[in-house]
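Asker: Shown below is the structure under consideration.
The values are calculated or read from the model by the stated rules, or taken from the named source; none is laboratory data. What you see is a predicted model, and the numbers here were worked out from it, not measured in a lab. Every residue, glycine among them, receives a Cβ derived from its backbone with ideal geometry; neighbour counts consider all protein chains shown. These accessible areas exclude ligands, DNA and RNA; they are computed on the full protein's heavy atoms, side chains included. Shrake-Rupley method; radii C 1.70, N 1.55, O 1.52, S 1.80 Å.
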Amino acid sequence: MRTEPITDASGRPIPVARTWHWGRWLAAVVALAVAGRLAYLMVANPNLEWGKVAEYLFHERILSGVWVTIEISVLATALGLVLGVLVAIMRLAHNPVLSGLASFYIWFFRGTPVLVQLIFWYNLAFLFPELVLKIPFTMIGVKWDTNQVMTGFTSAMLGLGLNLAAYFAETVRAGIQAVDQGQTEAAYALGMTPAKRMRVIVLPQALRIIIPPTGNEFISMLKTTSLVYVVAGHDLMTNASQIYKANNLIMELLIVASLWYMLMTAVATFLQGRLERRFGSEAVRLVRGGGLAARILPKAAA
């Protein structure tokens with residue numbers, strides 16, 4: 001922000017002495033020295049083979065793991081978002097059974113570690129050797145071998161998606177409750193059913209609050225997929241661990257995996273920023289313009 005220069009009675013500028021913050025400079029020098037020393041210890045470490053890092057950075061199995069990581073992240077996030085919206089609506093329902101079941105779902109999946117959930121789904125065959133889908137009270141249906149269905153990829157997608165839904169449901173609930181109650185009352189006054197009110201009035205406005213934080217959920221999902229190695233999901237961390245178990249290049253392969261995770265996170269962060277700018281400005285415009293209901297309700301009344 002530009003400021004006007006200070007002048008004396010005759011209009012001549014008065015020189016202002018600059019304040020030197022020696023503490024800031026000293027802190028900056030110390031921080032740079034520590035960071036430089038740590039970087040030097042890593043780069044010049046004789047026990048770290050940087051040539052191997054470059055060799056495996058674009059290795060076929062590493063690139064395959066990166067693609068599987070992206071697939072699991074996208075599918076698990078999509079599953080979590082859809083299920084999270086459903087659980088949030090159930091959580092806000094006036095039906096005590098639906099609200100209670102949604103609260104239990106959120107409590108259960110937020111209260112158990114993701115690692116435990118992944119292992120549980122991967123070993124589901126111990127409880128149900130076969131998955132059966134049939135018409136009740138008949139013998140008509142199909143069945144699958146659970147071990148063939150619950151592969152590392154499937155169990156990872158299911159475990160991560162169900163866990164994300166519990167957290168995303170609370171985000172959706174907060175977004176729905178942030179919509180002005182007056183618009184809900186106006187919708188009821190016009191005779192809208194609860195389903196139509198939620199679909200036409202509440203959700204379009206709540207999504208402008210809900211959508212930007214989904215970027216954080218996706219970024220977190222990218223990193224959480226590293227836990228999939230316990231169920232051999234063929235993701236980035238799984239493939240990297242299998243390689244370093246064979247050649248004992250543990251630190252080199254961990255650096256390779258970290259570089260790819262940081263790259264994916266950087267791309268997701270960039271897209272999240274674009275998303276926040278898009279929906280953030282739209283939200284401000286709607287608030288200043290009277291909101292979505294102000295445009296829809298007069299038409300419905302007419």
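Asker: Give me the accessible area per residue for the chain, probe 1.4 Å, as a whole number in Å². Display every interim value, and only then the final one.
Answerer: Working: 19050 Å² over 302 residues.
For the chain, the per-residue accessible area is 63 Å².
Asker: Whole-Hz Karplus ³J(HN,Hα) for the stretch 189-200, in order, using 6.51 cos²θ - 1.76 cosθ + 1.60 and θ = phi - 60°, x for Gly and Pro?
Answerer: My calculation for the stretch 189-200 gives 5, 7, x, 6, 6, x, 5, 5, 4, 5, 6, 8 Hz in order.
Asker: Determine the sum of side-chain charges near Ala31: Lys and Arg each +1, Asp and Glu each -1, restricted to other residues whose C-beta is under 13 angstrom from that of Ala31.
Answerer: Its environment carries a net charge of +2.
Asker: For the stretch 20-131, rounded, prolate or oblate, judged on the Cα gyration tensor with a ≥ b ≥ c (square roots of eigenvalues), a/c < 1.5 rounded, else prolate if a/b > b/c? Mind showing how you got there, number by number?
Answerer: Numbers: a/c = 3.28, a/b = 1.66, b/c = 1.98.
Oblate, because a/c is 1.5 or more while a/b does not exceed b/c.
Asker: Still on this structure: So how much slack lies between Phe104 and His59, counting 0.36 nm per residue of separation and subtracting their Cα-Cα distance, in nm? Kindly include the intermediate steps, with their values, before the conclusion.
Answerer: On the way: separation 45, 0.36 × 45 = 16.20 nm, distance 4.42 nm.
Full extension of this stretch gives 11.8 nm more.
Asker: For the chain, what is the relative contact order in percent, using Cα pairs closer than 8 Å and at least 6 residues apart in sequence?
Answerer: RCO, the chain: 23 percent.
Asker: Okay, next question. Below 12 angstrom from the Cβ of Val256, what's the summed charge of the other residues (Lys, Arg +1; Asp, Glu -1)?
Answerer: The answer is -1.
Asker: Let me ask something else. Hey, can you rank 177-190, 80-93, 21-34, 225-238 by average C-beta count inside 10 Å, highest first? Don't skip to the end; give the middle numbers.
Answerer: Details: 177-190: 14.8, 80-93: 20.3, 21-34: 9.8, 225-238: 23.5.
The densest-packed peptide leads the list: 225-238, 80-93, 177-190, 21-34.
Asker: For the pair Leu127/Arg12, report the inter-label distance in nm, with labels modelled 7 Å from Cα in the Cβ direction.
Answerer: 8.6
Asker: Oh, and also: Would you calculate, for the chain, the mean residue ellipticity at 222 nm contributed by helices, counting each DSSP H stretch of 4 or more residues as -39,500 (n - 2.57) and dividing by all residues, to the nearest 500?
Answerer: Only helices count here, giving -23500 deg cm²/dmol.
Asker: Just tell me which lysines come within less than 17 Å, Cα to Cα, of Lys245; anything on the same chain fewer than 8 places away is out.
Answerer: Those lysines meeting the cut-off are Lys52.
Asker: Using a cut-off of 26 Å between alpha-carbon atoms, which lysines can reach Lys196, once sequence neighbours fewer than 8 places away in the same chain are excluded?
Answerer: Answer for Lys196, where 26 Å is the Cα cut-off: Lys299, listed by chain and number.
Asker: Specify whether the C-alpha gyration tensor of the stretch 72-166 places it in the rounded, prolate or oblate class, a ≥ b ≥ c being the square roots of the eigenvalues: rounded for a/c under 1.5, otherwise prolate if a/b is larger than b/c and oblate if not.
Answerer: Oblate is the answer for the stretch 72-166, as a/c is 1.5 or above yet b/c matches or exceeds a/b.
Asker: Taking the Cα centre of the chain as origin and charging only Cβ (+1 Lys, Arg; -1 Asp, Glu), how large is the dipole, in debye to the nearest 20?
Answerer: 980
Asker: Of the candidates Gly100, Gly191, Gly215, which one comes out as most mobile in a Gaussian network treatment of the chain with C-alpha springs shorter than 10 Å?
Answerer: Gly191
Asker: Can you list which of the chymotrypsin sites (Phe, Trp or Tyr not before Pro) found in the stretch 122-152 are DSSP loop residues with at most 15 other C-beta atoms within 10 Å?
Answerer: Taking the stretch 122-152 and a limit of 15 other Cβ atoms within 10 Å, the loop chymotrypsin sites (Phe, Trp or Tyr not before Pro) found are Phe137.
Asker: Counting Lys +1, Arg +1, Asp -1, Glu -1, what net charge surrounds Trp107 among other residues with beta carbon under 15 Å of its beta carbon?
Answerer: Summing Lys/Arg as +1 and Asp/Glu as -1 gives +2.
Asker: For Gln177, project a label point 7 Å along Cα to C-beta. Then give me every residue of the stretch 79-102 with its amide nitrogen under 18 Å of that point.
Answerer: Counting backbone N atoms under 18 Å from the label point, the list is 84-102.
Asker: For Lys245, tell me the accessible area in Å² from a 1.4 Å probe, rounded to the nearest 10.
Answerer: So the heavy atoms of Lys245 present about 150 Å² to solvent.
Asker: Now a separate question. For the stretch 140-275, what does the alpha-carbon gyration tensor say about shape, rounded, prolate or oblate, given a ≥ b ≥ c as the root eigenvalues, a/c under 1.5 as rounded, and a/b over b/c as prolate?
Answerer: Oblate, since a/c reaches 1.5 and b/c is not below a/b.
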